[in-house]
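Below is one structure, written out as structure tokens; the observations come after it.
The values are calculated or read from the model by the stated rules, or taken from the named source; none is laboratory data. What you see is a predicted model; the values in this text were computed from it and never measured. Ideal geometry is used to build each Cβ from the backbone, glycine not excepted, and the neighbour counts take in all protein chains shown.
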Amino acid sequence: MRTRVALAVCLAALAGGLAACGDEDPSGVAGASVVNEEAVEGEPLELGELTYNVQITRFLNPDDTEDSEYLRGQLPPPEGRSYLGVFVLIENETEEAHPSATDYVVFDTLDQEYQVIESESPYALEIGAEVPAEGQIPIPNTTAATGPNHASLMVFLVDDTVSDNRPLRLEISSEDGSGDIILDI
């Protein structure tokens with residue numbers, strides 16, 4: 001009987017310890033939650049009140065008529081580098097506006113990182129923009145929303161060898177946490 005009671009006490013202590021896991025964020029604040037999710041391209045990633053959905057990822061060719069608008073203001077890529085376009089739709093289903101993420105980084109399997117570059121394109125995502133209540137980015141009836149991909153564009157200058165180091169991962173960081181979207185190129 002003593003053995004059973006001792007075993008029950010040990011199991012209860014272990015269960016209580018496991019239940020506490022995840023109740024703190026890395027800063028040590030009890031009760032804070034950290035969102036760290038993963039999705040694949042075409043599947044929504046929820047970070048706080050917003051949903052991020054990569055519609056398409058593809059290399060952009062400065063000599064192509066459509067792509068030249070995506071690359072407006074960009075110089076030809078340096079030797080050994082290419083432009084990678086990531087088209088994203090950000091949705092807010094709440095009754096309040098919320099700021100979108102402020103940090104987007106592409107990583108390859110060798111953990112090389114590529115930062116989003118500034119863009120003058122009418123399709124460009126405004127980093128950190130407010131997503132209207134019950135709305136989306138791109139805003140309906142804008143160039144990006146009515147364009148072929150129906151999404152806002154982020155441009156990354158990547159090494160030509162990046163295709164050898166797939167899958168690529170887009171890390172999105174916001175005030176509500178971070179998450180990854182596996183890109184399909």
(message) With the requirement that a residue be under 18 Å from the mean Cα position of the chain (by Cα) and modelled with pLDDT of 95 or more, what does the range 145-168 give you?
(response) HIS150, ALA151, SER152, LEU153, MET154, VAL155, PHE156, LEU157, VAL158, ARG166, PRO167, LEU168
(request) Go through the range 41-53 and count every residue that is over 23 Å from GLU95 (Cα atoms) and of a type in the set (A, V, I, L, M, F, W, C). (result) 0
(request) Confirm whether LEU84 is crowded, with 16+ Cβ neighbours inside 10 Å and free of Cβ contacts under 8 Å to residues at least 60 places away in the same chain. (result) no
(request) Any chance you could count how many residues in the range 162-177 are of a type in the set (Gly, Ala, Ser), outside any helix (DSSP H, G or I) and surrounded by fewer than 16 Cβ atoms within 10 Å (Cβ to Cβ)? (result) 1
(request) Test ILE90 against the stated conditions and say whether it is closer than 18 Å to GLU41 by Cβ and out of contact with any Phe, Trp or Tyr (no Cβ under 9 Å at 6 or more places or on another chain). (result) no
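Residues are listed down the side, and each one gets a yes or a no for (1) under 21 Å from ASP184 (Cα atoms); (2) part of a strand (DSSP E or B); (3) at pLDDT below 95:
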{"site": "LEU11", "(1), (2), (3)": "no, no, yes"}
{"site": "GLU38", "(1), (2), (3)": "yes, yes, yes"}
{"site": "GLU43", "(1), (2), (3)": "yes, no, no"}
{"site": "TYR52", "(1), (2), (3)": "yes, yes, no"}
{"site": "GLU69", "(1), (2), (3)": "no, no, no"}
{"site": "TYR83", "(1), (2), (3)": "yes, yes, no"}
{"site": "ILE90", "(1), (2), (3)": "yes, yes, no"}
(message) Conditions first: (1) modelled with pLDDT under 95; (2) touching a helix residue (DSSP H, G or I) at 6+ places or on another chain (Cβ under 8 Å). ASP25 passes all but one, so which condition is the exception?
(response) (2)
(request) Output the number of residues of the range 104-161 satisfying the condition of being surrounded by 14 or more Cβ atoms within 10 Å (Cβ to Cβ), in a loop (DSSP other than H, G, I, E, B) and small (Gly, Ala, Ser). (result) 5
